[in-house]
Amino acid sequence: MVVMWIIYAALCALVGYLGRERKLGFWLYFGISVLLSPLMGIIIVLVSEKKKVAPEMDDEAPAGA
């Protein structure tokens, strides 16, 4: 019985890991998969949006300055 809980927790952690670059992040996807199931969690991760990445600013001074 303990092995089943360990496998369940590992699958939930895997769902969280897959969702780390998504809109809600690791902990929310992990929590969703714990509450619903890892299968539902992975489906939600796959249909969710990825995080929007802000464009990086150049550290260099503008030319001619």
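The values are calculated or read from the model by the stated rules, or taken from the named source; none is laboratory data. Computed from a prediction, not measured in an experiment: that's the story for all the values here. Cβ atoms come from the backbone with ideal geometry, glycine included; neighbour counts cover every protein chain shown.
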Yes or no: the range 20-36 includes at least one residue that is of a type in the set (Gly, Ala, Ser), modelled with pLDDT under 95 and not in a helix (DSSP H, G or I). no
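Only one residue in Ala9, Ala13, Ala63 is more than 13 Å from the chain's Cα centre (by Cα) and modelled with pLDDT of 95 or more, so which one is that? Break it down into steps so the answer makes sense when it comes.
Details: Ala13 fails: more than 13 Å from the chain's Cα centre (by Cα); Ala63 fails: modelled with pLDDT of 95 or more.
The conditions single out Ala9.
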Selection from the range 17-42 of residues that are surrounded by 14 or more Cβ atoms within 10 Å (Cβ to Cβ) and either in contact (Cβ under 8 Å) with a residue 24 or more places away in the chain or among the β-branched types (Val, Ile, Thr) (or both): Leu18, Gly19, Arg22, Leu24, Ile32, Val34, Pro38, Gly41, Ile42
